[in-house]
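Novice: Got a structure here, written out as structure tokens. Questions coming.
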Amino acid sequence: MTGIENGLNPPRTSFGSAAADSARFAVIALIAFLTLVDLFAAQAIVPALVAKFEVSRAAIGFAVNASTFGMAVAGLGVAFFGRGFDRRNGIWISLALLSIPTTALAFTDDLSIFAALRVVQGLCMSTAFTLTMAYLSEHFSPAQASGALAAYVTGNVASNFFGRIVSAALAGLGGLEINFLTFAALNLAGALLAWSTLKKTSKMMQTSEDGSFNMRRWAYHFADGELRRTFAIGFLILFTFIGTFTYVNFQLVALGLTPMTLGLVYLVFLPSMLTTPMAGKLAGRIGAKLGIISTLGLAVFGLAALLSARLPLVLSGLALVAIGTFLAQAIATGLVGRRAITDKAGASGIYLASYYTGGLAGSLVLGQVFDHLGWRASVSVLVAAMLAAIVIAFPIGSMPGPSRR
């Protein structure tokens, strides 16, 4: 039987019970949290990293977000070659290996090495992330798949929130070394959790319907105008998200926040933890196109609020940016899965590569704009990116798919 009961070892209660399902979903959310907790945590300590390395804000922003390059490369790599990967072993080994570069970050004084270690972190995180998504799709019944994926997304959102808060607090109390060593311990905790709760399986990811990789099927994805638009939207979503939450820290310090209180700013992610699981219902009610347009429009309003010199208004704007971009990302991810007729893993890999490449571009471009032109110009670039994504989304739903001959 290929049910969730064969996918997670605990709990030992009845498969059909709501309590058992809730416990399983909680385990999934915790694995997601521990998988990506490192990804954006360092954004909360960029002012401290600028002081340590004595380089420009743009250089630190790029180094901190170099992990997104590793995320993009590994996402494509697993989509290409992951058919033969054992899910459980791939997940826990990736998380265990993640602790090595995380530990090394505590002891490096060279920015180039710091950036390279962040890339390696991204490779490990993305491998675990992609394999976990495949594992869930293979071991949950179709009726429970939406709940499992919602739990995983919620865990990812929680990692954005708590990772930043913990990082800022640890750096403020114990310094940067204690910060990175603590996150290395969390990496090992994630590996232990995955090893102890996920069951071994011989089932492997199929990159196409016949189980073999075929480049022609990837060409179908690029021939589909709607998928191309969704890939571009994903690029612009993380471009805006990383550009905003990396460099707004400097603006918040200018408004009088200390490194310790800077961590509390990320309470703005709390509303996103409640709204993101609703993405499927929103898209089902008003459609993917209107869902993406409306949520990105919400992010635009949030970005406009960041120009204020009043802290409460800036925090409200950050909350709107988080809600809008997380919802749009969830809707776009679902759209890719529905639109791709063949090789869904490949389509998801391309989307994730585009998404994380956008994050790297956001850190690089916004860093240069911020250093040379200031915060207002940076916000203008971010608003332009969101408006471009909205324009790109307008034809969605009216475009026929490519011929599958």
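Novice: How large is the dipole of segment 222-404 about the Cα centre if only Lys and Arg carry +1 and Asp and Glu carry -1, each at its Cβ, rounded to the nearest 20 debye?
Specialist: Rounded to the nearest 20 debye, it is 440 debye.
Novice: Modelled label-to-label distance, A232 and L311, 7 Å Cα→beta-carbon offset: nm?
Specialist: Those two pseudo-labels are separated by 4.1 nm.
Novice: State, as an integer percentage, the relative contact order of segment 24-198 based on alpha-carbon contacts under 8 Å between residues 6 or more apart.
Specialist: Here the relative contact order equals 42 percent.
Novice: Separate question: Enter the per residue convex hull volume of segment 24-198, computed from alpha-carbon coordinates, in Å³ rounded to the nearest integer.
Specialist: Enclosed volume per residue, from the Cα hull, is 100 Å³.
Novice: Amide H to amide H, which residues 5 or more places from L198 or on other chains are under 5 Å from it, using H placed in the peptide plane?
Specialist: The list, which skips near neighbours in sequence, is N9.
Novice: Heavy-atom accessible area per residue, segment 222-404, 1.4 Å probe: how many Å²?
Specialist: I get 38 Å² per residue for this part.
Novice: State, to one decimal in nm, how far the label point of F53 lies from the label point of A384, with both points 7 Å from Cα in the Cβ direction.
Specialist: With each label point 7 Å from Cα toward Cβ, the separation is 2.6 nm.
Novice: Would you kindly find the accessible area of W195, with a 1.4 Å probe and non-protein molecules such as ligands, DNA and RNA excluded, rounding to the nearest 10 Å²?
Specialist: 120 Å²
Novice: How much length is gained if the chain between I100 and L264 is pulled fully straight, taking 0.36 nm per residue apart and subtracting their Cα-Cα distance, in nm to one decimal?
Specialist: The span from I100 to L264 would gain 56.2 nm if fully extended.
The values are calculated or read from the model by the stated rules, or taken from the named source; none is laboratory data. Just so you know, these numbers come straight off a predicted model, no measurement behind them. Please note: Cβ atoms are built from the backbone with ideal geometry, for glycine as well, and neighbour counts cover all protein chains shown. Accessible surface areas use protein heavy atoms only, side chains included; no ligands, DNA or RNA. Shrake-Rupley method; radii C 1.70, N 1.55, O 1.52, S 1.80 Å.
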